[in-house]
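A.B. asks: Sharing a structure, written as structure tokens. Questions coming.
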Amino acid sequence: MLSLRVGEAVGSCAVEPGEVGEDVVLDCVGEPVRKLLRHPLPAVRIAALDAHLQHLRPHHEHAEAVHLDRGDSLRKSLHRSEHVVGLLPSGVRRVLVVGVVNSLLQRLRERGIGYVACDRKGGRTEWDEPVITDAESALDDCDAVLASGMVLSSPTFQTLLDHARRTGRPLVFFAQTGSGILPHFLGDGVTAVSAEPYPFFWLDGGPSVLYRYSEVAGR
């Protein structure tokens, strides 16, 4: 995870191992935001924009704060997933989950909501279900999308946004990557966002916080 700080705000972008070297991080230190927003690496641009927007519009002033109980990573992940899945509108029957998190799938299963699991790495879920790699191929078969903020660094983000704008189907994000960016799309394709800025729940066994934005609530 690449994280950059602007004032009190920390913006982040998930990266693959080896994608961003120590030299890149050191080159970012002390640089103005306007320069980082033109950086050749998308991860740097996303992290810088994320930090900049959180600095201008702090989560705690614009969203519902949800406090996660202390515990190990699994317990906190399940608690987080309960609040994320709760952002889906009622009546949703089948969800395309882009960016597989097994605790999210478990919460969907508990609510009797069907899903298609999608992740660029493919593989199988905890329940030995296939994980597809092409989100676009499953969009028409689902009546809502639940996506990781990690899609900001790929063409998938625009694909999901265009689909939501065209069809009016719910598009909900759970975001560590770009948590300050995605709320700006509320009402313009995005239905709701679970924004989780640094420090993330898996970094500490103590209490942590995420912020929920909802188009319905006008936030």
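A.B. asks: Determine the per residue accessible area of the chain with all protein chains present and a 1.4 angstrom probe, expressed in square angstrom. It would help to have the intermediate numbers written out before the result.
C.D. replies: Values: 10910 Å² over 219 residues.
I get 50 Å² per residue for the chain.
A.B. asks: Which value, to two decimals, describes the C-alpha radius of gyration of region 24-179 once divided by 2.2 N^0.38 Å? Kindly include the intermediate steps, with their values, before the conclusion.
C.D. replies: Working: Rg = 17.0 Å, N = 156, 2.2 N^0.38 = 15.0 Å.
Compared with the compact-globule rule of thumb, region 24-179 sits at 1.14.
A.B. asks: Loop-only trypsin sites (Lys or Arg not before Pro) in region 70-103, please: DSSP not H, G, I, E or B, and at most 13 other Cβ atoms within 10 Å. Before the final figure, lay out each step's value.
C.D. replies: On the way: sites: R70, R75, K76, R80, R93, R94; in loops: R70, R93.
Filter output for region 70-103: R70, R93.
A.B. asks: Which distance in Å, rounded to a whole number, links the C-alpha centroids of region 55-83 and region 179-219?
C.D. replies: Result: 8 Å between the Cα centres.
A.B. asks: Multiply the residue gap between H67 and R165 by 0.36 nm, knock off their C-alpha separation, and tell me the result in nm, one decimal place.
C.D. replies: Working: separation 98, 0.36 × 98 = 35.28 nm, distance 3.13 nm.
Answer, rounded to one decimal: 32.1 nm.
A.B. asks: Have a look at Y115, P130, S103 and report the one farthest towards the positive end of the charge dipole of region 96-145, computed about the Cα centre with Cβ charges (Lys/Arg +1, Asp/Glu -1).
C.D. replies: Farthest towards the positive end: S103.
A.B. asks: Keeping the other protein chains in place, figure out the carbon and sulfur percent of the accessible area of the chain, with a 1.4 Å probe. Write down the numbers at each step before the final one.
C.D. replies: Working: 5290 of 10910 Å².
C and S fraction of accessible area: 48 percent.
A.B. asks: Based on the inverse mean of 1/r over its pairs of different Cα atoms, what is the Kirkwood hydrodynamic radius of region 140-189, in Å? Intermediate results must be reported in sequence, preceding the final value.
C.D. replies: Numbers: mean 1/r = 0.0914 Å⁻¹.
Mean inverse Cα-Cα distance, inverted, gives 10.9 Å.
A.B. asks: How large is the dipole of the chain about the Cα centre if only Lys and Arg carry +1 and Asp and Glu carry -1, each at its Cβ, rounded to the nearest 20 debye? Each step should come with its number before you reach the end.
C.D. replies: Details: 23 positive and 28 negative charges, 92 e Å.
Here the chain has a charge dipole of around 440 debye.
A.B. asks: While we're here: Relative contact order (percent) for region 91-210, with alpha-carbon contacts under 8 angstrom and 6 or more residues of separation?
C.D. replies: Details: 213 pairs, mean separation 23.2, N = 120.
After rounding, I find 19 percent.
The values are calculated or read from the model by the stated rules, or taken from the named source; none is laboratory data. Everything quoted here is computed from the prediction, not taken from an experiment. Here Cβ is always computed from backbone atoms with ideal geometry, including for glycine, and neighbour counts include all displayed protein chains. Just the protein is used for accessible areas: all its heavy atoms, side chains included, with ligands, DNA and RNA removed. Shrake-Rupley method; radii C 1.70, N 1.55, O 1.52, S 1.80 Å.
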